[in-house]
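First the structure, in the form of structure tokens, and then the observations on it.
None of the figures in this text is laboratory data; all of them are computed from the coordinates on show. Predicted model only: the values in this text are computed from it and were never measured. Cβ coordinates were reconstructed from backbone atoms using ideal geometry, including for glycine residues, and neighbour counts include every protein chain displayed.
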Amino acid sequence: MWNKKVVWGNIWLHYIRDKRKILVLLTVFALVLGAVYQLYDLSWEPFFYGLVLCLAAGILAMIPDGYAYWRRHRQMLQLKAQVRQGMPELPAPQNLQEEDDVQLLRAVWEEKENCLADGCRRQQETLDYYTLWAHQVKTPIAAMGLLLQGQDTEMGRALQAELFKTEQYVEMALSYVRLGSSSTDYVFRRYSLDDLVRQAVRKYASLFIQKKLKLDLRPLDCQVITDEKWLVFAIEQILSNALKYTNQGCISIYQEPEKVLVIADTGIGIIPEDLPRIWEKGFTGYNGRTDKRATGIGMYLCRRVLENLSHAVTVESQVGKGTKVSIVLDEKT
């Protein structure tokens, strides 16, 4: 009841403020009439009697007008709640000014719809272009990979590693564009976590061999409901970072209770002040500035993908001891 009284009080205050020009004008009229009575030395009794009658009539007239003001305000609040569903049916204008306001709102709405349609069209064109570009550039990448397969030399292995990175950057660019699209192709099914992780590990097998790093892959005996392609992409980004910043030791992949996938490394670690910002787009941190080649996009995409898949992710790290990334895959019911 108290809240209702407060709301009504606020409405009346706004109503009086909106009508202040008329109230000021009526007050001026009363003062002018009082000055006339004073100049002609007339009796004040009829003046005050007429003033009281006018005040009573004014209050009686303001009650239904104020109620209509409140109803219109409530109606506009209801329309505001429906605006996400489309252009609401606006109330009939009561005067020329309201009619102008309605026409302006409709013009703004139409312009907004046109801008949204144009933005969607441009976004789709960009997605189509990058998709075509990614497929086209994969052809020379695959050709170069075939040419380098027969060259088991130090130079050949180095070129294969750089070619692999190029392919990863192409996939990252395509994933970045797709994440911004409203038609991202998520397909949720039940998958074996071990199969998904092994896909990512096989992709980076050559880098493990090149850097002479040990892989401690423990059994992952659980089923998860997720999208295969996008979860594998997120795991690949975490593995890529682990390989990039681990020069010796091993990378461990294991499962903790409640379907938590852990990827831990013995790399250089992350300084405490950088840890809260590693998911920001474009943030490279101390390690990235030292490496000079970091883009600050990989972990941002990883976080975006995992959020879209409803998988939580946390990171723990100590400088000089390594980093531990935990992905919570347990579906909530």
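Note on the range 2-80: Cα convex hull, mean projected area over all directions, 6.5 nm². Just name one of Ala161, Thr139, Gly150: the one whose Cα is farthest towards the positive end of the charge dipole of the range 88-165 (beta-carbon charges, Lys/Arg +1, Asp/Glu -1). It is Gly150. Against the chain, whose longest principal axis is taken from its Cα atoms, helix 193-203 shows a tilt of about 60°. Between Gln94 and Leu42, take the C-beta separation as r, use R0 = 41 Å, and let me know the FRET efficiency to the nearest 0.05. Working from the Cβ atoms, E equals 0.50. Projecting the Cα atoms of Cys250, Cys302, Gln94 onto the charge dipole of the chain (Cβ charges, centred on the Cα centre) puts Cys250 farthest toward the positive pole. Remark: the range 1-158 is approximated by an ellipsoid whose semi-axes, taken from the C-alpha gyration tensor as √(5λ), come to 75, 17, 16 Å, largest first. For the options Val137, Val232, Val36, a Gaussian network treatment of the chain with springs between C-alpha atoms closer than 10 Å singles out Val36 as fluctuating the most. Computed from the C-alpha gyration tensor, the three semi-axes of the ellipsoid equivalent to the range 71-217 are 56, 20, 11 Å, from longest to shortest. Near Ser240: Cβ cut-off under 10 Å, other residues only, Lys/Arg at +1 and Asp/Glu at -1. The net charge is +2. What is the range 185-328's relative contact order, in percent, from Cα pairs under 8 angstrom and six or more apart in sequence? It rounds to 24 percent for the range 185-328. Modelled spin labels at Leu55 and Glu258, positioned 7 Å past Cα toward Cβ, are 6.8 nm from each other. Translational diffusion coefficient of the chain (Stokes-Einstein, Kirkwood radius from Cα pairs, 4 °C, 1.567 mPa s): 49 µm²/s.
Largest GNM mean-square fluctuation across Lys19, Lys244, Lys259, computed for the chain with C-alpha springs under 10 Å, falls on Lys19.
For the chain, a crude dipole built from +1 on the beta carbon of Lys and Arg and -1 on the beta carbon of Asp and Glu, taken about the Cα centre, is about 600 debye to the nearest 20. Coordinate range of the alpha-carbon atoms in the range 161-227 per principal axis, descending: 41, 34, 10 Å. A Cβ-based charge dipole, computed about the Cα centre of the range 185-328 with Lys and Arg at +1 and Asp and Glu at -1, lands at about 520 debye.
Only Cα pairs under 8 Å and 6+ residues apart enter the sum, and on that basis the relative contact order of the chain stands at 11 percent.
For the chain, set up a Gaussian network in which alpha carbons nearer than 10 Å are linked by springs, and say which option among Val28, Val313, Val201 fluctuates the most. Its mean-square fluctuation being the largest, the pick is Val28. Only DSSP H runs of four or more residues enter the estimate; each adds -39500 (n - 2.57), and after division by the residues of the chain the mean residue ellipticity at 222 nm equals -21500 deg cm²/dmol. Pairwise Cα distances in the range 98-151 exceed 14 Å in 72 percent of cases. Go ahead and run the numbers for FRET between Ser326 and Arg71, Cβ-Cβ distance against an R0 of 35 Å, rounding to 0.05. After rounding to 0.05, the efficiency reads 0.05. Once the Cβ-Cβ distance of Phe29 and Val108 is raised to the sixth power relative to R0 = 35 Å, the FRET efficiency obtained is 0.30.
Each distinct pair of alpha carbons in the range 185-328 adds a 1/r term; the inverse of their mean, the Kirkwood radius, is 15.4 Å.
Which of the pairs Lys165/Lys203; Lys214/Lys244; Lys244/Lys321; Lys21/Lys80; Lys165/Lys324; Lys259/Lys321 have their Cα atoms more than 19 Å apart in this structure? Pairs exceeding the cut-off: Lys21/Lys80; Lys165/Lys324; Lys259/Lys321.
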